[in-house]
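*Asks:* Before we start, here is the structure in question, set down as structure tokens.
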Amino acid sequence: MADNENAWLITEKQSGACIGYVTIDIPYPQLAMGEIGYVIGEKYQRKGVGKCAKRY
């Protein structure tokens, strides 16, 4: 992850703990389409974290 310039950590506001990450990839620039992927820790799933992370 440290080498991927298109990956960002998701942190919890209150504690600052890392709870997941978001990646962005543009596999076909000629189509002007990209992919967003994210991983959220099990404890934080189904709480809107992924939706919030995609906004930024």
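*Asks:* What about residue 34, is it surrounded by 12 or more Cβ atoms within 10 Å (Cβ to Cβ), without any contact (Cβ under 8 Å) to a residue 12 or more places away in the chain and not in a loop (DSSP other than H, G, I, E, B)?
*Replies:* yes
*Asks:* Return the residue satisfying two criteria in turn: it lies in the range 37-56 and is part of a loop (DSSP other than H, G, I, E, B) and modelled with pLDDT under 85, and of such residues it is surrounded by the fewest Cβ atoms within 10 Å (Cβ to Cβ).
*Replies:* Start the filter on the range 37-56 by keeping residues that are part of a loop (DSSP other than H, G, I, E, B), which leaves 41, 45-48, 56.
Of the ones still in play, those that are also modelled with pLDDT under 85 are 48, 56.
Details: 48: 9, 56: 7.
Here the residue is 56.
*Asks:* Condition first: open to solvent by 100 Å² or more (accessible area, probe 1.4 Å) and not charged (D, E, K, R). Now tell me which residues in the range 1-31 satisfy that. Please lay out each step first, then the result.
*Replies:* Just the residues of the range 1-31 that are open to solvent by 100 Å² or more (accessible area, probe 1.4 Å), to begin with: 1-3, 5, 8-9, 13-14, 26, 28, 30-31.
The answer is 1, 2, 8, 9, 14, 26, 28, 30, 31.
The values are calculated or read from the model by the stated rules, or taken from the named source; none is laboratory data. Every value quoted in this text rests on a predicted model; they were computed, and no experiment measured them. Note that each Cβ is placed from the backbone with ideal geometry, even for glycine, and that neighbours are counted across all protein chains shown. Side chains are part of the model used for accessible areas, which takes the heavy atoms of the whole protein and leaves out ligands, DNA and RNA. Shrake-Rupley method; radii C 1.70, N 1.55, O 1.52, S 1.80 Å.
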